[in-house]
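Report on the structure given below.
The values are calculated or read from the model by the stated rules, or taken from the named source; none is laboratory data. These numbers were taken from a predicted model, which means no experiment stands behind them. Neighbour counts are summed over all protein chains in view; Cβ atoms, including those assigned to glycine, are modelled from backbone coordinates with ideal geometry. Surface areas here come from the heavy atoms of the whole protein model, side chains and all, with no ligands, DNA or RNA. Shrake-Rupley method; radii C 1.70, N 1.55, O 1.52, S 1.80 Å.
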Amino acid sequence: MDMLGLLLHPVRLRIVHAMSGERTRTTSDLCARLPDVPKTTVYRHVGLLAEAGVLEVESEQRVHGAVERRYRLRREQAVIDRDAAASMSPGRPPPRVHRRHGRAAGRIRRLPRQGARGPDR
């Protein structure tokens, strides 16, 4: 999967936004922050982001017999290169981005200007 398709998926975009600002979170933490998204969906998309190197495992611990992983965002990997950006139409999101997630995309675009601050201020 190309980085453009990976990062512009509405659920993955929200996960990246929730992970911004040098935070570490477990998948359970993300599920609590995204209550409208089914847990299985959050787990699947965290796995895809980790597999692509956008998220990395910061630590692991055993919790009730299962391994709980704490992830962090690798900002240097969460980048859409110039060629991919140039392939998008100016002023319009790619067709894969649902309209209701436009606000989240706008927040992601503003993150570099806000520094390390993210959704939890």
Inset, instruction - Report the local net charge at Thr26: Lys and Arg +1, Asp and Glu -1, summed over other residues whose C-beta lies under 14 Å from its C-beta. - result: +3
Inset, instruction - For Arg82 and Met3, compute 0.36 nm times the residue count separating them, minus their Cα-Cα distance, and round to one decimal in nm. - result: 27.3 nm
Legend entry - Rounded percent of accessible protein surface that carbon and sulfur make up, segment 1-63, 1.4 Å probe: 49
Inset, instruction - Net charge near Val57: determine it from the other residues with C-beta under 9 Å of the C-beta of Val57, scoring Lys and Arg +1 and Asp and Glu -1. - result: 0
Inset, instruction - Report, by chain and number, residues whose modeled amide H sits under 5 Å from the one on Thr26, excluding near sequence neighbours (fewer than 5 apart, same chain). - result: Tyr71
